[in-house]
Amino acid sequence: MNIELTAHFYFKGSGKKKTVNWTEDNPRLQQKEKDSDKVVREIPLTADEVKQEYRRLFTKHKNEGKSITLEDTDDVVHIIDLTDVRNIELTSKEGIQMLYRLTFAMNDEEIVTTEMTSDKEDLVGATEEAFDLIEKDYGANVALNLVAFSLLKIELTNEMIN
């Protein structure tokens, strides 16, 4: 699940506003063994939990007189000096996940059907992800020499995912 976040930073004095939109892909809290870096389990975070984690982080950095660095959805990096910030508005929402049934033929005899999830709602973006998946799982040669390819889109609601 993807979490879409938006932060509005209001600056002291000038009152100017800076808005940054970014996405957290599949955010999880890692529980580790005591006195070890070994991960025991991962707990998926909801949109509200991710927002609260960022709220804590922003508050901590502001109190310590630090800057934060955020990369937005357009791959632009923003460095914001929180000592210059008067107020921050932070919102979060769960991104839509799409389920795709991917079927492809590697040759005349072997047909593969699998499912994949994606936050891409358009078939062009999902097709790019599907070819990346095929290349990763089966190799570049298979991705380049497919005999047939089919992609079926099924929208998933958050209730269906959980």
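The values are calculated or read from the model by the stated rules, or taken from the named source; none is laboratory data. It should be emphasised that the depicted structure is a prediction, and the values quoted were computed from it without experimental measurement. Virtual Cβ from ideal backbone geometry, glycine too; neighbours counted across all protein chains shown. The area values use the complete protein model at the heavy-atom level, side chains included, leaving out ligands, DNA and RNA. Shrake-Rupley method; radii C 1.70, N 1.55, O 1.52, S 1.80 Å.
Of the GluC sites (Glu not before Pro) in the range 103-141, the ones in a loop by DSSP (not H, G, I, E or B) with at most 11 other beta carbons within 10 Å are GLU109, GLU110. Counting every pair of alpha carbons in the range 12-62, the share spaced more than 17 Å apart comes to 57 percent.
Note down the Stokes-Einstein diffusion coefficient of the range 84-152 in µm²/s, whole number, using a Kirkwood radius over alpha carbon pairs, 25 °C, and 0.890 mPa s.
D, rounded to a whole number, is 176 µm²/s.
In a reduced charge model with +1 at each Lys and Arg Cβ and -1 at each Asp and Glu Cβ, the range 1-141 shows a dipole moment near 1420 debye about its Cα centre.
Using Cα atoms only, what is the angle between the long axis of helix 47-63 and the major principal axis of the chain, expressed in degrees (0 to 90) to the nearest 10? The helix 47-63 is inclined about 40 degrees to the chain.
Once the 1.4 Å probe is applied to the protein heavy atoms, the chain comes out at 66 Å² accessible per residue.
Ranked from largest to smallest solvent-accessible area, with a 1.4 Å probe on the protein heavy atoms, PHE149, PHE11, PHE58 come out as PHE149, PHE11, PHE58. Surface composition of the chain: carbon and sulfur make up 46 percent of the accessible area, probe 1.4 Å. Of the trypsin sites (Lys or Arg not before Pro) found in the range 43-102, those in coil by DSSP whose Cβ has at most 16 other Cβ atoms within 10 Å are LYS66.
Subtracting the Cα-Cα distance of ALA105 and ASP84 from their residue separation scaled by 0.36 nm leaves 1.8 nm.
Modelled this way, with points 7 Å down the Cα-to-C-beta line, the labels at GLU42 and THR91 are 2.9 nm from one another.
For the range 1-46, which trypsin sites (Lys or Arg not before Pro) are both in a DSSP coil and crowded by at most 10 other Cβ atoms within 10 Å?
Taking the range 1-46 and a limit of 10 other Cβ atoms within 10 Å, the loop trypsin sites (Lys or Arg not before Pro) found are LYS16, LYS34, LYS38.
When the chain is treated as a GNM with alpha-carbon contacts under 10 Å, the residue of SER118, SER67, SER92 showing the greatest mean-square fluctuation is SER67.
Determine one quarter of the surface area of the Cα convex hull of the range 49-92, which equals its mean projected area, and express it in nm² to one decimal.
So the Cα hull casts an average projection of 3.2 nm².
Normalised by 2.2 N^0.38 Å, with N the number of residues, the alpha-carbon radius of gyration of the range 16-101 equals 1.32. For the chain, the longest principal axis of the C-alpha atoms and the axis of helix 123-138 are separated by about 70°.
In the chain, one over the average inverse separation of all distinct C-alpha pairs is 18.9 Å, which is the Kirkwood hydrodynamic radius. Using the Cβ-Cβ distance between SER150 and ASP75 with R0 set to 30 Å, the FRET efficiency works out to roughly 0.45.
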